[in-house]
Amino acid sequence: MTVHRMRRAMGIAFPVLMSAACERPAAQSPSFTVRDSAGVRVVTNARPLWQDGEGWSIDSVPSVAFGADEGDTVAMLQRVAGAMLRTDGTYAVADGGSSQVKYFDAAGRFLRAVGRSGQGPGEYEYIAWLLACGGDSAFVSDIGNNQVSVLDAGGRLVRRFRLMTSEVAATPFSTACSRTGHFVTSGWGTPPREVAPSRPYRPHVAVDLSGADGRVRQTLSAFPGTEMTPVMGGPDPRSAGGGCVSASGTDRRGWRRMTGVASSRSTPRGRAARRAPCI
């Protein structure tokens, strides 16, 4: 993992009084166009608003590199889920591959790691992000356990809480936080009440404001989410052991012997289906 310096060429604009005799510059074409697509407003940007040389750029030389030594397997990173620069110049990096938060000095040298895979305190199943929400404490989201762990400056677990949303699927899709410990989250989206098969729809995505305890204080707004198309499910045969195969459709589940044609037993989808002996 490398961290690059960001540069921006800053220009100073000076107002100039133009006389009426001066020739006006040619009018530029609009930088964006707006069109309607089945009731959805689509905005297409043809070019950025800033001029050449005014945009951000990434330095070709990294400021610091983490886990660059392939011989040091403890320091290597497998899936970076977030990082933060701390006040003492060190870094905390969430490594989803090892289910750990790893600490590095200002030069990128490995210092220590905390955490492991599991479901208990200080353990993670799937680290989704690491955020700095004030001070040197690291807020680590584990969507596998649906918990946010707060680590102090020394990497010790201080508390855990569940970050809620106003949607049915309570786990947030994306999260931002403030220095006061408040969170703004967006959900996965709630589909409309009636969804026609193979017809696209856009779920309503809620944006919520939550307190430091993770509970929703206010729903700020709701926006159209990513367009989705429902697909009717078909049979999905899989081994059920004992020479049987389970084949489930949208409303029925059946069992059939693998070695020949035999009668099958079906149960309503959604109820507990006990493993029936193949006949």
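Figures for the structure shown
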| read-out | value |
| --- | --- |
| For the range 116-177: rounded, prolate or oblate by the Cα gyration tensor [a/c cutoff 1.5] | oblate |
| 1.4 Å probe accessible area per residue over the range 79-148, in Å² | 40 |
| Stretch gain in nm, segment Phe223-Tyr126, where the contour uses 0.36 nm per residue and the Cα spacing is subtracted | 32.2 nm |
| Net +/- balance of residues flanking Asp136 in space, Cβ distance below 13 Å, scoring K and R +1, D and E -1 | +1 |
| Extension gain from Gln78 to Ile58, taking 0.36 nm per residue of separation minus the Cα-Cα distance | 4.9 nm |
| Shape category assigned to the range 74-210 from the gyration tensor of Cα positions, a/c cut at 1.5 | prolate |
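The values are calculated or read from the model by the stated rules, or taken from the named source; none is laboratory data. As the structure is a prediction and not an experimental result, all values here were calculated from the model. Using ideal geometry, Cβ is built from the backbone for each residue, glycine included, and neighbour counts are taken over all protein chains shown. Side chains included, ligands, DNA and RNA excluded: accessible areas come from the protein's heavy atoms. Shrake-Rupley method; radii C 1.70, N 1.55, O 1.52, S 1.80 Å.
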